[in-house]
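Reviewing the structure listed below.
The values are calculated or read from the model by the stated rules, or taken from the named source; none is laboratory data. Everything quoted here is computed from the prediction, not taken from an experiment. Quick reminder, even Gly has a Cβ in these numbers, built from the backbone with ideal geometry, and neighbours come from all protein chains shown.
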Ligand code: CMP
């Protein structure tokens, strides 16, 4: 059953290039409410734990390196059908395949530096949100 919560991280490339405000505005204009957000630096242990599911993939070390290269912004978002609608808003993982006007089409450079993360299921949205925020922080 679809829930109304998803989880995102505005990644270090997008923050470094000054795209944070435009990306948050695009998210809000698309009907999402920001329930929790923080600017934070991930260490390798935190980034590796978040992406644990990818630990055996060849890109894992590069992914952890990239996610620890600068500040990022984890956020919890609310909207009806949040997970599916947010994945449409951000576009395909590889920006070369991202539909015109999506966040990755507009702001991402490569599959590694792809500007933004979005949960791929309700279960992962709940797990990922609780990795960065306590229940009382999601008001
Ligand atoms: P994200 O949605 O944050 O989930 C895992 C990340 O790994 C993904 O975005 C990409 O930035 C990165 N990545 C690098 N190479 C690949 C790949 N071949 N397939 C999937 N994700 C990849």
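Inside the range 116-135, can you point out the residues that are more than 9 Å from the ligand (Cβ to nearest atom), in a loop (DSSP other than H, G, I, E, B) and at pLDDT 95 or above? Outline the logic, then answer.
Start the filter on the range 116-135 by keeping residues that are more than 9 Å from the ligand (Cβ to nearest atom), which leaves 121-135.
Filter once more, keeping what is in a loop (DSSP other than H, G, I, E, B): 121, 133-134.
Residues satisfying the conditions are 121, 133.
Let's see how each residue does on (1) within 23 Å of residue 122 (Cβ to Cβ); (2) surrounded by 13 or more Cβ atoms within 10 Å (Cβ to Cβ); (3) without any contact (Cβ under 8 Å) to a residue 60 or more places away in the chain; (4) under 16 Å from the mean Cα position of the chain (by Cα):
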{"site": "39", "(1), (2), (3), (4)": "no, no, yes, yes"}
{"site": "49", "(1), (2), (3), (4)": "yes, yes, no, yes"}
{"site": "52", "(1), (2), (3), (4)": "yes, no, yes, yes"}
{"site": "58", "(1), (2), (3), (4)": "no, no, yes, no"}
{"site": "61", "(1), (2), (3), (4)": "no, no, yes, no"}
{"site": "70", "(1), (2), (3), (4)": "no, yes, yes, yes"}
{"site": "75", "(1), (2), (3), (4)": "yes, yes, no, yes"}
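Count, please, the residues in the range 43-63 that happen to be more than 10 Å from the ligand (Cβ to nearest atom) and either assigned to a loop (DSSP other than H, G, I, E, B) or farther than 14 Å from residue 10 by Cα (or both). First the steps, then the outcome.
Step one: of the range 43-63, the residues more than 10 Å from the ligand (Cβ to nearest atom) are 43-49, 52, 55-56, 61.
Narrowing the set further to residues that are either assigned to a loop (DSSP other than H, G, I, E, B) or farther than 14 Å from residue 10 by Cα (or both) leaves 43-46, 48-49, 52, 55-56, 61.
Counting residues in the range 43-63 that are more than 10 Å from the ligand (Cβ to nearest atom) and either assigned to a loop (DSSP other than H, G, I, E, B) or farther than 14 Å from residue 10 by Cα (or both) gives 10.
Does residue 27 fit the bill of being under 26 Å from residue 4 (Cα atoms), in contact with a strand residue (DSSP E or B) (Cβ under 8 Å, 6 or more places away or on another chain) and within 13 Å of the ligand (Cβ to nearest atom)? Before you say what the answer is, go through the steps one by one.
On the way: under 26 Å from residue 4 (Cα atoms): yes; in contact with a strand residue (DSSP E or B) (Cβ under 8 Å, 6 or more places away or on another chain): yes; within 13 Å of the ligand (Cβ to nearest atom): no.
No, not satisfied.
Restricting the first residue to the range 110-124 and requiring it to be under 15 Å from residue 69 (Cα atoms), which pairs with a second residue that is near the ligand (Cβ under 6 Å from one of its atoms) meet a Cβ separation below 9 Å and a spacing of at least six or different chains?
112/59; 112/63; 114/93
For residue 22, work out the one condition from (1) touching a residue at least 60 places away in the same chain (Cβ under 8 Å); (2) over 24 Å from residue 122 (Cα atoms); (3) within 15 Å of the ligand (Cβ to nearest atom) it doesn't fulfil.
Just one mismatch for residue 22, condition (3).
Might you check whether a residue that is part of a strand (DSSP E or B) and either surrounded by fewer than 22 Cβ atoms within 10 Å (Cβ to Cβ) or within 11 Å of the ligand (Cβ to nearest atom) (or both) occurs anywhere in the range 85-108? Lay out the reasoning, then the answer.
Narrowing the range 85-108 to residues part of a strand (DSSP E or B): none.
No, there is no match, as no residue in the range 85-108 is part of a strand (DSSP E or B) and either surrounded by fewer than 22 Cβ atoms within 10 Å (Cβ to Cβ) or within 11 Å of the ligand (Cβ to nearest atom) (or both).
Could you list, in sequence order, all residues of the range 64-75 that are outside any loop (DSSP other than H, G, I, E, B), in contact with a helix residue (DSSP H, G or I) (Cβ under 7 Å, 6 or more places away or on another chain) and more than 11 Å from the ligand (Cβ to nearest atom)?
From the range 64-75, those outside any loop (DSSP other than H, G, I, E, B) are 64-67, 72-75; that's our starting set.
Now narrow it down to the ones that are in contact with a helix residue (DSSP H, G or I) (Cβ under 7 Å, 6 or more places away or on another chain): 64, 66-67, 72-74.
Across the range 64-75, the qualifying residues are 73, 74.
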